[in-house]
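The values are calculated or read from the model by the stated rules, or taken from the named source; none is laboratory data. Owing to the predicted nature of the structure, the values given are computational and were not obtained by experimental measurement. Positions of Cβ are generated from backbone atoms using ideal geometry, with glycine treated the same way; all protein chains shown enter the neighbour counts.
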Amino acid sequence: MKLQGKHIIDASDLSVDELNLIIDLALEMKANTEKFSNLCKGKILATLFYEPSTRTRLSFESAMLRMGGAIIGFSDAETSSVKKGENIADTIRVLNNYAHIIVMRHPREGAPLLASQYSTIPVINGGDGGHQHPTQTLTDLLTIKYYKNDIKDIKIAICGDLLFGRSVHSLLKTLSRYPNTEFVLISPSELRIPYYLKNDIMKKHNVRILETTSLEEYMDYVNVLYMTRIQKERFFSEDEYIKLKGSYVLTPEKLKYARKDLLLMHPLPRVNEIDYEVDKDPRAKYFEQASLGVFARMALMALLLGRDY
Ligand code: CP
């Protein structure tokens, strides 16, 4: 298995064996972070963020710094030469001389794929529009492995904006390749998962899919609950967003019906879909999930850079 030099644009760019390799290395890095403190000495990560981010950009930067590497980049394209009209192809050609690996977030679906076509160094998709967010999925898989010891027999309810949520799309594509996954998809009818995802990808893997508009209906059935926010920035009209934004709010009362071994996740940021009181519940692991994201990204970058560990 050789990941060196690969671009990671879509969740399906990594086989299950490769995903497991990254997760196992991430666990080792979490357990013994100091051992890897010089692994990427001399390597430079470029973070090109054309769209806001807290976790993805800063966890990538933290990951590279923890491995002894350096970081350059921008968190606001308005401060780059994009403002003067420079296109992605030219930006990437230039960055190939400044860095060894790139992570890019962009509001347009396909922008990181385009970037990868002009790059001789690895390009990682840090989220493109409402399409894909593969390193969030690595973080999610690592969280499941960390708290459930294995990624099999997962009965996962995914609740919220399944139409525009790129974290959801990547997770669905990936978990459907793991053994005995069952999905409970909870959304308003306007925000159901895209047709291509349900039919072309998930059914190919013979996964069980239950769909509902009710957050409570399968609460006592699932062993993972993955809450998501309604993606305000992807709506065409403010009125439509306002109509749907309060569709689901997880409260301690609703969680009373959940299993004792429930793993409660959220890619964050949270808006109002999880009551702050839920944070005290020992099953709520979304902040730990965000913290594990650093180790997932450390492992991914080390392997893409071909670092010997
Ligand atoms: N989960 C996630 O992608 O968070 P950010 O938008 O803050 O990067």
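Residues in the range 193-240 that are surrounded by 16 or more Cβ atoms within 10 Å (Cβ to Cβ) and of a type in the set (Ser, Thr, Tyr) were compared, and the one that is farthest from Lys254 (Cα to Cα) is Thr228.
Checked against the criterion of being β-branched (Val, Ile, Thr) and within 18 Å of Lys148 (Cβ to Cβ), the range 293-303 has no qualifying residue. Suppose we filter the range 57-68 for residues that are touching a residue at least 40 places away in the same chain (Cβ under 8 Å) and more than 16 Å from the ligand (Cβ to nearest atom); how many remain? Number of matching residues: 2.
Quick one: is Gly73 small (Gly, Ala, Ser), within 16 Å of the ligand (Cβ to nearest atom) and touching a Leu at 6+ places or on another chain (Cβ under 9 Å)? Yes: the conditions hold for Gly73. Inside the range 1-25, residues that are farther than 17 Å from Gly306 by Cβ and either small (Gly, Ala, Ser) or surrounded by fewer than 17 Cβ atoms within 10 Å (Cβ to Cβ) (or both) make up a count of 7. Return a yes/no flag: does the range 39-56 have any residue that is within 14 Å of the ligand (Cβ to nearest atom), assigned by TED's automatic domain parsing to the domain that holds Ala299, part of a helix (DSSP H, G or I) and surrounded by 13 or more Cβ atoms within 10 Å (Cβ to Cβ). The answer is yes; a qualifying residue exists.
Can Val184 be described as β-branched (Val, Ile, Thr) and free of Cβ contacts under 8 Å to residues at least 40 places away in the same chain? Criteria met by Val184. Counting only helices (runs of 4 or more DSSP H) that fall entirely inside the range 86-193 and contain at least 3 residues that are more than 13 Å from the chain's Cα centre (by Cα), away from the ligand (no atom under 16 Å from the Cβ) and not basic (Lys, Arg), the qualifying elements are 88-95, 111-116.
Name every residue in the range 133-166 that is polar (S, T, N, Q) and farther than 25 Å from Tyr257 by Cβ, in order of residue number. Before you say what the answer is, go through the steps one by one.
So the first thing to find is which residues in the range 133-166 are polar (S, T, N, Q), and the list is 135-137, 139, 143, 149.
Those that are polar (S, T, N, Q) and farther than 25 Å from Tyr257 by Cβ: Thr135, Gln136, Thr137, Thr139.
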